[in-house]
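Below is one structure, written out as structure tokens; comments come after it.
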């Protein structure tokens, strides 16, 4: 019996029939909805192991998770199942994967590959400079703090909701500054570009731009990632969902997204509903026989 | 009063090769315990000085394990750490405006106006670092010596072969004086920065070092999603802030001469007694398992190894009170 056969038989033995159905499903889009504790992480992990055992090159698998911790834990489990080649899987958070890609293509977007990634304090410092450039005496007028401006701009970029509307909805008492804030937004964008610096949101936005504006790049990576898996899909925001959609549109929609429960649009966390062409092909009941 | 809890295993004394192995041991054993059902938030890591937690924080960040620090700001968020990283940043990405501002304002005689003028002069250049010397030619003569020294430091940073060496260059520059005159408690901050150099020694390039610190230091995107903050976090605390707290398992780092007892407090009267009480606190926080770590070597910022002896508080203990384990016996 071949090693692959042995691996596959082992995977099947360790899963319940519902899980096995999801793990061994054929090509095409798959949405796995599972209750908490029903082993959805297990499904993603075993799916990756199954694909490798089927002969898919690990470097052609993209597995996106919500934390680096999750990515590492899942990949080490895949490694335990099918061996060290699992390390070549592209795994990580959206930001980490975005950064890895952008280091190679930054020049297409007017950046240099040695760009700086700004942490929150750096972002506030940049924004403070932009506010000063607008001639706003921060100590004299009641202007939103750089930290709040950062949050408003970030929310707007992640949801696609324009800045004035974000103010109107969540910070109406600052609405009088809407025009100034839009200009600050523009200044902040220019300033980051000339400083060769990206904030967290840029790692997603620029990744999306790269795929949208450079068809040869999206073709390349769409084809490279023969299989895309996204964990905690209910928590992806609009940008992340668009990135996934774009990549999946180029790989024959070989995508598996795993979600806890479908969640409606909740404005507070910078998430938004999105349309997904993934269709349910497997549903796991709550608390099935998997162990956690 | 008597202890009411049934006996757990005897405390473990764990000699480890160096501070990296110390960090790996703690992380490895903590993950095993977690696997056995002890959540991370019931595991405490204690140390005598905040700087002792640095290499461990680096290892936790690298492996994406959530943790919280009870002994002050998270290491990478502290002003003096960001100062040093700003030097590395301007050399890695010479267009990094915010890092330039931070670096320029640390030079004596340079304030907002002059910093802005220098930035204006170099920002448009194809290589701002090459323009640096000339960009300062308008400075008054009393500022020029420190400006020239800064330019020399930048030159040295450009030639540095590793992130560890880069941090070391900053630490031997005028930044030392800045730190001493700007911050309270400069000696312990300096100690932090030596640890930063040790931590940097683990990374292959400045880019990798900077990226990992900002991207892996936290569940990033965590700022967007506070609900994702994992409540299950390993607890890092100074011994002093651990008074009255307990964990299922406790690791005490750097139980060596030169670290615990703290050399600074030994200089004071009654200092040793004070330290012995702190050691008592550290060793009575564990409900089940206590690990005393004893790194045999430490590194100076320049990378040379220094041999360390076990703490006097261990040497004065009856050997029946603890069991010695080699780190490889516990984690593979």
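The values are calculated or read from the model by the stated rules, or taken from the named source; none is laboratory data. Predicted, not measured: the structure shown is a model, and the values here were computed from it. With ideal geometry, Cβ positions are generated from the backbone for all residues, glycine too; neighbour counts draw on all protein chains shown.
Does residue A:151 qualify as being under 16 Å from residue A:188 (Cα atoms), in contact with a helix residue (DSSP H, G or I) (Cβ under 6 Å, 6 or more places away or on another chain) and not assigned by TED's automatic domain parsing to the domain that holds residue A:44?
The answer is no for residue A:151.
Is there a residue being more than 13 Å from chain B (Cβ to nearest Cβ), within 25 Å of residue B:113 (Cα to Cα) and free of Cβ contacts under 8 Å to residues at least 60 places away in the same chain anywhere in segment A:82-91?
Within segment A:82-91, not a single residue is more than 13 Å from chain B (Cβ to nearest Cβ), within 25 Å of residue B:113 (Cα to Cα) and free of Cβ contacts under 8 Å to residues at least 60 places away in the same chain.
Among what's in segment A:107-135 and is under 23 Å from residue A:214 (Cα atoms) and without any contact (Cβ under 8 Å) to a residue 12 or more places away in the chain, pick the residue that is nearest to the other protein chains (Cβ to nearest Cβ).
Among them, the one singled out is A:113.
How many residues are in contact with a helix residue (DSSP H, G or I) (Cβ under 7 Å, 6 or more places away or on another chain), surrounded by fewer than 18 Cβ atoms within 10 Å (Cβ to Cβ) and not in a loop (DSSP other than H, G, I, E, B) when one looks only at segment A:1-44?
Final tally of qualifying residues: 2.
Would you mind stating whether residue B:61 is surrounded by 21 or more Cβ atoms within 10 Å (Cβ to Cβ) and touching a helix residue (DSSP H, G or I) at 6+ places or on another chain (Cβ under 9 Å)?
Here the answer is yes, as residue B:61 does meet what is asked.
Among residues belonging to segment A:104-120 that are exposed (fewer than 15 other Cβ atoms within 10 Å of the Cβ) and part of a helix (DSSP H, G or I), point out the one that is nearest to the chain's Cα centre (by Cα).
A:104
Is it true that some residue in segment B:282-302 is surrounded by 17 or more Cβ atoms within 10 Å (Cβ to Cβ), free of Cβ contacts under 8 Å to residues at least 60 places away in the same chain and outside any loop (DSSP other than H, G, I, E, B)?
No - not one qualifying residue is present in segment B:282-302.
Residue under question is residue B:98, and the condition is that it be within 14 Å of chain A (Cβ to nearest Cβ) and buried (at least 20 other Cβ atoms within 10 Å of the Cβ); does it hold?
So residue B:98 passes the test.
Which one of these does residue A:64 not meet: (1) assigned to a strand (DSSP E or B); (2) out of contact with any helix residue (DSSP H, G or I) (no Cβ under 7 Å at 6 or more places or on another chain); (3) within 30 Å of residue A:198 (Cα to Cα)?
Tallying (1) assigned to a strand (DSSP E or B); (2) out of contact with any helix residue (DSSP H, G or I) (no Cβ under 7 Å at 6 or more places or on another chain); (3) within 30 Å of residue A:198 (Cα to Cα), residue A:64 fails exactly one: (2).
Looking at residue B:217 and the list (1) within 15 Å of the chain's Cα centre (by Cα); (2) at the interface with another protein chain (Cβ under 9 Å from one of its Cβ atoms); (3) at pLDDT 90 or above, which single condition is not satisfied?
(3)
I'd like to check which helices (runs of 4 or more DSSP H) are fully inside segment B:45-120 and have at least 3 residues that are at pLDDT below 90 and closer than 17 Å to residue B:202 by Cβ.
B:54-62
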